[in-house]
Amino acid sequence: MMSGMIADTRPHAGELDGVKRRRVLQQYRRSQRRDCLRALALVAPLCIFLLVMFGWPLVTMLTRAVSNDDFGAVLHRTSVALAEWDGTGTPSERVYADFAADLRQAHDEQTMGQVTSALNFEWTGARSLLMRTVRPLSTEPENGWKEKLIETAPDWGNPDLWVLIKRLTQPYTSRHFLAALDLEQAVDGSIQGVGPEKAIYVTLFLRTLWVSAAVAGLCLLLGYPLATLLARLPLKTSNLLMMLVLLPFWTSLLVRTTSWIVLLQDNGVINSMLVWLGLVSEGNRLSLIFNVTGTLIAMTHVLLPFMILPLYSVMKSIPPSYVRAALSLGASPITAFWRVYLPQTIPGVLAGTLMVFVLAVGYYITPALVGGQSGQLISNIIAYHMQQSLNWGLAGALGSLLLVGVLLVYWLFNRLTGGQGLRMG
Amino acid sequence: MALPAHISPMGRLAHYGYLIFCGSVLLFLIAPILVIVPLSFNSAPYFTFSREMLQLDLSAFSLRWYRDIVQNGMQNPNASFGWSYLVDSWNNAQWIHSLKNSFVIAIATTILSMLLGTLAALGLTSPGMPARGLVTSLLISPMIVPIIITSAGMYFAFSTMGLTGTFAGLIIAHTVLGTPFVVITVTATLEGFDRNLIRAGLSLGASPVRVFRSVIMPLILPGVASGGIFAFATSFDEVVAVIFLADYDQRTVPRQMWAGIREQISPTILAMATILVLLSIGLLTIVELLRRRTERMRGTTL
């Protein structure tokens with residue numbers, strides 16, 4: 001719009017001689033540059049703020065996912081010694097001696113925790129193994145450290161454990177990303193699936209995908225007819241009904257989740273009503289909550305306004321005369337809807353569906369409160385690893401995979417809606 | 001929406017079916033929010049309507065859960081009502097503590113978001129802005145990135161900056177989450193804005209500052225205000241970042257509700273929820289009024 005404006009005021013080449021023309025062009029370019037700089041200066045504060053307070057945290061999380069933290073730093077002598085070990089048989093006496101020295105120092109400086117927790121995720125029983133090993137380290141052995149350590153705990157004679165330690169002393173690792181995909185690196189370096197009792201993350205990713213798709217589908221199913229009605233009603237009525245859509249949108253997420261707990265629990269309003277109506281017997285109350293059903297119902301309710309609003313704004317802009325023309329030309333109502341109305345609403349359908357999907361994929365609060373065991377999504381396991389198991393590397397890897405997925409859908413959303421999709425109010 | 005006279009019985013049936021379906025969807029949207037209001041006045045600690053409540057027996061209703069909001073945590077909850085009772089409640093009651101925190105954090109977030117977001121929106125809509133689409137998507141990406149990822153990342157990054165367990169950290173986190181709303185609403189207001197008004201002002205001899213103050217500002221103010229309300233609501237409702245970044249001292253209302261629902265759900269939560277519903281009705285009304293004002297000013301009066 002603006003460039004057209006400026007082009008119109010640009011002098012015609014024929015009217016000016018070369019020198020003047022160049023000067024005018026120069027002035028024009030300078031003013032353009034000034035406009036550009038001013039625009040950038042206005043955007044800069046928010047850009048810098050987001051870079052430091054949003055971009056940097058995301059980068060930190062990504063580096064968590066690929067770094068071995070301080071494992072190599074705490075065991076620095078061991079890591080140097082292990083570099084020369086080729087991975088076959090047990091390492092040399094020097095490795096054992098350096099390892100003993102590192103452990104002793106870590107014990108004194110109270111940095112053992114970093115070694116223990118990292119090793120414990122990979123080697124069952126590593127915590128007690130290390131505790132058993134640290135205690136007798138204060139006395140020098142008679143026949144060298146290797147014999148003494150293996151004597152204390154036979155695990156130290158297992159080359160697999162040393163392969164693992166060598167891998168952990170590297171600064172960067174792929175093990176968290178592998179674990180997030182239910183994979184692990186075998187002792188010989190090949191990548192294999194973990195045992196079925198440990199394989200949970202792929203299942204969770206898939207469940208997150210299907211729950212989000214189901215929620216988006218349900219929202220479309222419920223929201224589309226309502227949006228058509230709102231778009232066709234006289235403005236006074238539709239504004240009033242729109243309030244009923246907007247109020248849930250503005251109500252606190254926790255309030256809405258609480259309401260669903262109140263409504264759906266075994267002694268809740270819905271079950272009590274069904275029992276009272278005689279549809280369900282007292283002993284067979286429906287379990288509607290603390291499972292995946294609860295997650296689906298509550299998330300559909302929470303995200304439905306995000307479907308209705310874009311649908312409504314697209315439908316509002318469709319002239320009703322098209323459908324009327326189709327009907328007067330002899331199309332049945334179904335044909336008129338299917339061939340004339342529906343194709344015009346596709347931008348709204350896409351915007352709403354992708355928006356709901358993207359929000360559902362990252363949902364945490366609602367599944368945590370109403371999902372029980374079977375309704376947990378990927379966000380919940382990330383929170384679990386952040387707060388309870390403290391396996392931050394794995395939490396970072398799961399988060400990074402989720403982030404990449406979400407950004408892909410967002411990119412698709414922007415492509416399909418031309419960057420105009422996010423509107424509100 | 002009157003039906004034409006020539007419509008077939010089948011068509012009539014379909015039409016009423018359609019209306020009933022839409023009505024049920026509206027009921028699905030609104031009923032869960034309304035159902036907690038009467039339940040919050042239940043005198044018994046249950047989450048369902050008792051027989052007495054359905055018979056509208058007044059003794060089945062009480063304000064005890066609202067009293068609990070004011071009293072829970074007080075040093076001397078049985079004192080008679082008076083100045084010292086109020087001071088005790090203000091200083092010691094858990095819910096009052098979290099309400100105070102919520103308001104402090106949300107108001108600071110609103111001011112910061114309005115400032116940063118309005119500036120950015122002015123830049124984004126000005127004619128010289130390069131790579132507008134890309135920058136816009138980047139600026140509103142905090143809305144898209146799952147909150148759990150943002151919060152986990154902030155937990156790592158903020159602990160190195162000493163921002164965890166501080167009000168500053170929470171205000172920053174909420175500003176990150178709230179500013180995109182201001183960017184979106186103000187950009188939307190500015191896009192329908194006739195730039196000739198600026199030129200008219202300048203050509204009539206006003207300084208750029210004066211043009212901003214008396215031409216641009218009044219026109220974008222509704223957008224700024226509704227963006228600010230979005231930011232306020234975002235902060236007031238946010239719980240994941242609070243879980244990760246706050247200590248007890250910074251506990252907000254949603255955090256307190258989260259703890260209550262997870263540990264032992266008591267009807268006090270319903271009383272608090274009712275208060276929050278009233279708050280959201282208030283916010284929604286303000287935003288609607290602002291939206292209509294913008295539309296009127298643009299000449300598209302409805």
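Rule-based calculations on the coordinates, nothing more; no lab input. Here the structure is a predicted model, which means the values were calculated and not measured. When we count neighbours, we look across all protein chains shown, and the Cβ atoms used for this are built from the backbone with ideal geometry, even at glycine.
Counting only DSSP H runs of at least 4 residues, each contributing -39500 (n - 2.57), and dividing by the residue count of chain B, the helix-based mean residue ellipticity at 222 nm comes to -23500 deg cm²/dmol.
Distance between the modelled labels on A:Arg21 and B:Ile107, one decimal in nanometres: 6.4 nm (7 Å Cα→Cβ projection). Rounded to the nearest 500, the helix-only mean residue ellipticity at 222 nm of chain A stands at -22000 deg cm²/dmol, with each DSSP H run of n ≥ 4 adding -39,500 (n - 2.57). Here the translational diffusion coefficient of the stretch A:352-395 follows from Stokes-Einstein with Rh set to the Kirkwood radius across Cα pairs; for 10 °C and 1.306 mPa s it amounts to 142 µm²/s. Near B:Asn42, the amide H atoms lying under 5 Å from its own belong to B:Ser62; only residues 5 or more places off or on other chains count, and H is placed 1.01 Å from N. For the stretch A:69-135, the alpha carbon positions stretch 28, 25, 25 Å along the principal axes, listed from largest to smallest. Around the amide H of A:Leu183, modelled in the peptide plane, lie the amide H atoms of A:Val194, all under 5 Å away and 5 or more residues distant in sequence or on another chain. Simple spin-label estimate for A:Ser321 and B:Leu134 gives 4.2 nm between the two label positions (7 Å along the Cα-to-Cβ direction from each Cα). Sequence-ordered 3J(HN,Hα) estimates for the stretch A:325-335 from the Karplus curve with 6.51, -1.76 and 1.60 and θ = phi - 60° stand at 4, 4, 5, 6, 7, x, 6, 6, x, 5, 4 Hz, glycine and proline given as x. When Rg and the Kirkwood radius Rh are both evaluated on Cα atoms of the stretch B:183-278, their ratio Rg/Rh stands at 1.27. How high is the relative contact order of the stretch B:1-132? Use alpha-carbon pairs under 8 Å, at least six apart in sequence, and give a whole percent. 12 percent.
In the stretch A:29-137, which GluC sites (Glu not before Pro) fall in coil by DSSP and have 13 or fewer other Cβ atoms within 10 Å? Can you show the working numbers first?
Details: sites: A:Glu84, A:Glu93, A:Glu109, A:Glu122; in loops: A:Glu84.
In loop regions of the stretch A:29-137 (DSSP not H, G, I, E or B), the sparsely surrounded GluC sites (Glu not before Pro) are A:Glu84.
For a straight C-alpha distance cut-off of 19 angstrom, the aspartates and glutamates reachable from A:Lys236 (same-chain residues fewer than eight places away being disregarded) are B:Glu288, B:Glu295.
Relative contact order, percent, of the stretch A:71-171 when contacts are C-alpha pairs under 8 Å separated by at least 6 residues?
Result for the stretch A:71-171 is 40 percent.
With kT/(6 pi eta Rh) evaluated at 10 °C and eta = 1.306 mPa s, and Rh the Kirkwood radius from Cα pairs, the stretch A:93-171 diffuses with a coefficient of 124 µm²/s according to Stokes-Einstein. Stretching the chain fully between A:Ser281 and A:Leu416 yields a gain of 43.6 nm (0.36 nm per residue, less the alpha carbon separation). Site pair B:Ser214 and B:Arg195 shows an inter-label distance of 2.3 nm when each label is modelled 7 Å from Cα along Cα→Cβ. Derived from the Cα gyration tensor, the three semi-axes of the equivalent ellipsoid of chain A are 57, 38, 18 Å, largest first. Indicate the gyration tensor shape class of the stretch B:1-108 (rounded, prolate or oblate), computed on the Cα atoms with a ≥ b ≥ c the square roots of the eigenvalues: a/c under 1.5 is rounded; otherwise a/b larger than b/c is prolate and the rest oblate. Prolate shape, in that a/c is at least 1.5 and a/b is the bigger ratio. Nearest 10 degrees is fine. How inclined is helix A:93-109 to the longest principal axis of chain A, computing both from alpha carbons? The answer is roughly 70 degrees. Amide H contacts for B:Gly73 (H built 1.01 Å from N in the peptide plane; partners 5 or more residues away or on another chain; cut-off under 5 Å): B:Gln94. Kirkwood-type hydrodynamic radius, the stretch A:209-307: 15.1 Å, calculated from all non-identical alpha-carbon pairs. Qualifying GluC sites (Glu not before Pro) in the stretch A:132-225, where qualification requires a DSSP coil assignment and no more than 11 other C-beta atoms within 10 Å, comprise A:Glu142, A:Glu197. Taken along its three principal axes, the alpha carbon spread of the protein assembly as shown comes to 102, 93, 68 Å, from the longest extent down to the shortest. Considering all alpha-carbon pairs of the stretch A:279-318, what whole percent are spaced by more than 16 angstrom? Tail of P(r) above 16 Å: 58 percent of Cα pairs.
May I ask for the angle, rounded to the nearest 10°, between helix A:201-232 and the longest principal axis of chain A, with both axes built from Cα atoms and the value confined to 0 to 90°? Approximately 10 degrees, to the nearest ten. As a ratio to 2.2 N^0.38 Å, the alpha-carbon radius of gyration computed for the stretch B:173-216 takes the value 1.52.
How large is the Kirkwood hydrodynamic radius of the stretch B:228-302, counting all unique pairs of alpha carbons, in Å? Intermediate results must be reported in sequence, preceding the final value.
Values: mean 1/r = 0.0688 Å⁻¹.
14.5 Å is the Kirkwood radius here.
Could you pull out the chymotrypsin sites (Phe, Trp or Tyr not before Pro) across the stretch B:73-117 that fall in loop regions by DSSP (anything but H, G, I, E, B) with no more than 12 other Cβ atoms inside 10 Å? Could the numbers behind the result be given before it?
Working: sites: B:Phe81, B:Trp83, B:Tyr85, B:Trp90, B:Trp95, B:Phe103; in loops: B:Phe81.
Answer by residue number: B:Phe81.
Listed by chain and number, the lysines whose C-alpha is less than 21 Å from the C-alpha of A:Lys146, apart from same-chain residues fewer than 8 away, are A:Lys166. Rg/Rh for the stretch B:97-297 (Cα atoms only, Rh after Kirkwood) is 1.04. Length available on full extension from A:Met243 to A:Asp86: 0.36 nm per residue minus the Cα-Cα distance, which gives 49.5 nm.
Across chain A, the mean sequence separation of Cα contacts (distance under 8 Å, 6 or more residues apart), normalised by length, yields a relative contact order of 17 percent.
Phi angles of the stretch B:112-129 translate, via the Karplus equation with coefficients 6.51, -1.76, 1.60 and θ = phi - 60°, into HN-Hα couplings of 4, 5, 5, 5, 5, x, 5, 4, 5, 5, 4, x, 5, 8, 7, x, x, 5 Hz per residue; Gly and Pro are given as x. Inverting the pair-averaged 1/r between distinct Cα atoms of the stretch A:201-417 gives 19.4 Å as its Kirkwood hydrodynamic radius. The calculated FRET efficiency for B:Leu19 paired with B:Ser62, based on their beta-carbon distance and R0 = 41 Å, is about 0.55. Ordering A:Tyr312, A:Thr251, A:Ile261 by the projection of their Cα atoms onto the charge dipole of the stretch A:185-329, which places +1 on the Cβ of Lys and Arg and -1 on the Cβ of Asp and Glu, puts A:Tyr312 at the extreme positive end.
In terms of the ratio Rg/(2.2 N^0.38 Å) built on C-alpha atoms, what value belongs to the stretch A:271-348?
Details: Rg = 20.7 Å, N = 78, 2.2 N^0.38 = 11.5 Å.
The reported ratio for this selection is 1.80.
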